[in-house]
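Read the structure below first, then the notes.
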Amino acid sequence: MRIEKAREKKKDRKRNRLIFRTIILAVLVAAVVFALITNAKKDSTIYSVGDKAPDFQLQQINKNNDLETIRLSDFKGKGIMLNFWATYCKPCEIEMPYMEELYPQYKDKGIEIIAVSLDATEPVIHQFIDKYDLTFPIPHDSRSQVLDLYKIGPIPSTFFINPEGEIVEKVEGALTLERLEGYFKQILPDE
Amino acid sequence: MKKLKCECGHVNPEGTVLCEACGKPIEENQHIDGNDKTKLINMRYDGSARRSLTYNRSIIDKIWSFFSSVKVGVWLIVIALFASALGTIFPQQMYIPAEAVSRDPAIYYEAHFGILGKIYYQLGFYDLYSSWWYMILIALIGISLVICSIDRVVPLHRALKMQKPKRHETFINRQRLYSESTNVSNEEKQQVVKKLEKLRYKVRSDDGHILAEKGRFSRWGPYVNHIGLIIILIASLFRMTPWLYLDDYVWVREGQQVVIPGTDNKYYIKNKEFILEKYDEDDEQFKDALELIESRGGEVHKNYQTNVIIYKNVDADLPGAEPKLEKVLEDKVWMNNPLKFDGYTLYQSGYQQNEFSSMSFKIHKTNDSDQEALETFTIDLTAPETEYEFESGFRVVMDKYYPEYYLDDGEPRSESKYPKNPAFVIFVYPPQTDSPEINFIGIGKNIDATGENKYKLGIVDFETHFASGMTLRQDYTLPFFGLGALIFMIGVVQGMYWQHRRIWIHPKDKSILLAAHTNKNWFGIKKDIEKAISDTAIQMVIDQQEVEGNEKNKEGHNG
């Protein structure tokens, strides 16, 4: 009788210990998984490939273009090159002529270039537009709202967005003519 | 599971090295703590069974015993050290310089560091510290810390709780401090007990056997310490979440209104005025100190302050669109006095003075030695206009504007968008003319492109503004870090400044055995014993470890 009781007790203790260890391990594993997931998510506060491009609205200031306000979601169905630049940024200046060169031909195929200027004042932008005869829409982010939205670091930064509104490619640094054309082909809408 | 029955009648769990009740070494387990090779017994965890070493059957138990090993813990720390060092070979992704031709890590590393850079990129070391495997490594150290603690604190607690005054003779005579005395009277024994009590020992006795104990709680120091570390680890987990922690920086120029970064377009800040106060140089109190600092090329300011208005955007759904702003508050942010609003804290953390807000010019005749102003105009650099017309018929057009002018291979450019060194190409149309006279003008520069201009420009005046830099922080994790650090410190103090001292008095036939153990500060416990046994026939203890060491040394000499 006594032996049986002792055995029972031992069994209980063994089971309790197993439960205790399982709970502790489960809590620890949960904490690790939580840390990994939040860390992975942290990168996604900066929009990256595969994400929906967040919507925004800005005043368009290029006089060579007819649009007055630019709202990103209005361009659904078109491939969009969303470029962030400024007049004082040298690499931006290098890629601008390429963009202008390809713009007329790809505009007809359903691609729009939106080049958001991060400059402080308008006259410098107009100066720049005149220098390169730019014709694509240039919205002016004077309050740095879109800069904050897209978490833009150093410029130029360019997002290529497909007709469904998803980011297909994110390029940091200046583009060459060939690379630019390659990206355009990736975001061409279907005929 | 096998139980081990000691000759004193106590049944010990498997893996016990010293009987929980009487302390007699259990023959078959002496190898566990290495007692079989030494004269003295290892008192770690008082010889109680560490389960993980003896018992593992289910997968959970196997994982548990893996992590409970200090050896595994140390190796994890060594691996983490090595991995952390790897991340410093080349700059991490976030430190790729902004002026790099391509900041894409796929291109940058190979372009700058060749084949090694390519390997570095391919192995993913460019973002090592937030890579999943590095985080798992750190997490494993955390798990090892938790399990090691639990696995040791339980048996230790058990051992210390169960202590009986009556111990087996081998337990007593294999202690480091030990003596044997004869002809000790009962009165003398009582005298020792009294003295020990006076020294604030807790004395318990059983059948003539005495155990005096002091400072037991110091044994918990390391575990309290670990709890503190675990809380700090949890706090750093919290800090990774955007709801509990936010750290950002915003520059606002005087008069400017910008969105506060990190607030999802919800809050805007306007810089009404930035105030920089200096100490009065004529004040006797500060004069000497200020001169001293000045002679070393330094500067001390009395106050930095930004008068701000905080707005809330009630229509924050569409960034970029004209925000609908409601004033939240109007206040000042100044040195050591951050501004708090809606859970955010704004700190005054920097300023820049070298920006122009406006410049005033005059037009005068080139050949007028008095440079009498015919017309004056002001360009507002925060929102410059391009054309200025005057009733006298003069017309001025700002053709080019360089906010921060520099010459780049002979071509004028601007370094940034901030008006730190403004320069202009200005067309002056004299009355009744259509062809402009071209001027290039800036700070210290006034160039007539053709050399034939009849009118000349001059800078009359300018105004500067401050840019105020403010740190925005939202941190709900700080109290956790504080709590963790406090508990950590308590644990350190507990383990450092107190020692667990035990003295056993063991009657054997006609003699008295005296043994003592402490976890540190052997000198202190010897002093205690000296005091307690003074004026009695009890022999002072000898340090058996010292004796053993000396003997070994002698043997070495002889051999």
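Only residues that are within 20 Å of the chain's Cα centre (by Cα) and at the interface with chain A (Cβ under 9 Å from one of its Cβ atoms) were counted in the range B:141-155, giving 1. If you filter the range B:75-110 down to residues that are modelled with pLDDT under 85 and surrounded by fewer than 15 Cβ atoms within 10 Å (Cβ to Cβ), you find that the one that is nearest to A:GLY173 (Cα to Cα) is B:VAL101. Checking the condition within 14 Å of chain A (Cβ to nearest Cβ), modelled with pLDDT under 80 and assigned to a helix (DSSP H, G or I), which residue from B:LEU237, B:LEU318, B:LEU290, B:LEU233 passes? Answer to the selection: B:LEU237. Put simply, of A:ILE129, A:ILE70 the only residue that is outside any helix (DSSP H, G or I) and of a type in the set (A, V, I, L, M) is A:ILE70.
Table: residues versus (1) under 29 Å from B:GLU322 (Cβ atoms); (2) within 14 Å of chain B (Cβ to nearest Cβ); (3) touching a helix residue (DSSP H, G or I) at 6+ places or on another chain (Cβ under 8 Å).
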| site | (1), (2), (3) |
| --- | --- |
| A:GLY79 | yes, no, yes |
| A:GLU95 | no, yes, yes |
| A:GLU112 | yes, no, yes |
| A:ASP133 | no, no, yes |
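Of all residues in the range B:422-451, those satisfying the criterion of being at pLDDT 85 or above and under 21 Å from B:ALA467 (Cα atoms) are B:PRO422, B:ALA423. What do you reckon, is A:PRO154 surrounded by fewer than 22 Cβ atoms within 10 Å (Cβ to Cβ), in a loop (DSSP other than H, G, I, E, B) and at pLDDT below 85? Considered against the rule, which asks whether it is surrounded by fewer than 22 Cβ atoms within 10 Å (Cβ to Cβ), in a loop (DSSP other than H, G, I, E, B) and at pLDDT below 85, A:PRO154 comes out as yes. Identify, by number, the condition in (1) within 20 Å of the chain's Cα centre (by Cα); (2) within 14 Å of chain A (Cβ to nearest Cβ) that B:ASN225 doesn't meet. (2) is the only condition that B:ASN225 fails.
Note on the range B:188-237: among residues that are without any contact (Cβ under 8 Å) to a residue 12 or more places away in the chain and under 22 Å from B:LYS508 (Cα atoms), the one that is surrounded by the most Cβ atoms within 10 Å (Cβ to Cβ) is B:VAL203.
Determine whether B:PHE90 is away from every other protein chain (no Cβ under 13 Å) and within 22 Å of the chain's Cα centre (by Cα).
Values: away from every other protein chain (no Cβ under 13 Å): yes; within 22 Å of the chain's Cα centre (by Cα): no.
Criteria not met by B:PHE90.
Inside the range B:370-387, residues that are within 14 Å of another protein chain (Cβ to nearest Cβ) and of a type in the set (A, V, I, L, M) make up a count of 3. The condition of being surrounded by 19 or more Cβ atoms within 10 Å (Cβ to Cβ) and not in a helix (DSSP H, G or I) holds for only one of B:TYR126, B:TYR178, B:TYR121, that being B:TYR178.
Condition first: in a strand (DSSP E or B), within 14 Å of chain A (Cβ to nearest Cβ) and among the aromatic types (Phe, Trp, Tyr). Can you find one or more residues in the range B:388-396 that meet it?
The initial filter retains those residues of the range B:388-396 that are in a strand (DSSP E or B), namely B:388-389, B:395-396.
Cutting the leftovers down to within 14 Å of chain A (Cβ to nearest Cβ) gives us B:388, B:396.
Filter again for among the aromatic types (Phe, Trp, Tyr), leaving B:388.
Within the range B:388-396, one or more residues are in a strand (DSSP E or B), within 14 Å of chain A (Cβ to nearest Cβ) and among the aromatic types (Phe, Trp, Tyr).
For B:ARG158, the conditions (1) away from chain A (no Cβ under 14 Å); (2) of a type in the set (Lys, Arg); (3) surrounded by 14 or more Cβ atoms within 10 Å (Cβ to Cβ) are fulfilled apart from (1). When restricted to residues that are exposed (fewer than 14 other Cβ atoms within 10 Å of the Cβ) and part of a loop (DSSP other than H, G, I, E, B), the range B:415-459 contains 11. Of all residues in the range B:2-38, those that are hydrophobic (A, V, I, L, M, F, W, C) and at positive phi total 0. Filtering the range A:135-156 to residues that are more than 7 Å from chain B (Cβ to nearest Cβ) and either basic (Lys, Arg) or more than 16 Å from A:GLN60 (Cβ to Cβ) (or both) leaves A:LEU147, A:TYR150, A:LYS151, A:ILE152, A:GLY153, A:ILE155, A:PRO156.
Residues are listed down the side, and each one gets a yes or a no for (1) of a type in the set (Asp, Glu); (2) facing chain A (nearest Cβ under 10 Å); (3) closer than 20 Å to B:SER358 by Cβ:
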residue	(1), (2), (3)
B:LEU246	no, no, no
B:TRP251	no, yes, yes
B:ASP264	yes, yes, no
B:ILE269	no, no, no
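The values are calculated or read from the model by the stated rules, or taken from the named source; none is laboratory data. Here the structure is a predicted model, which is why all the values come from computation and not from measurement. So basically every Cβ, Gly included, is an ideal-geometry build from the backbone, and we count neighbours across all protein chains shown.
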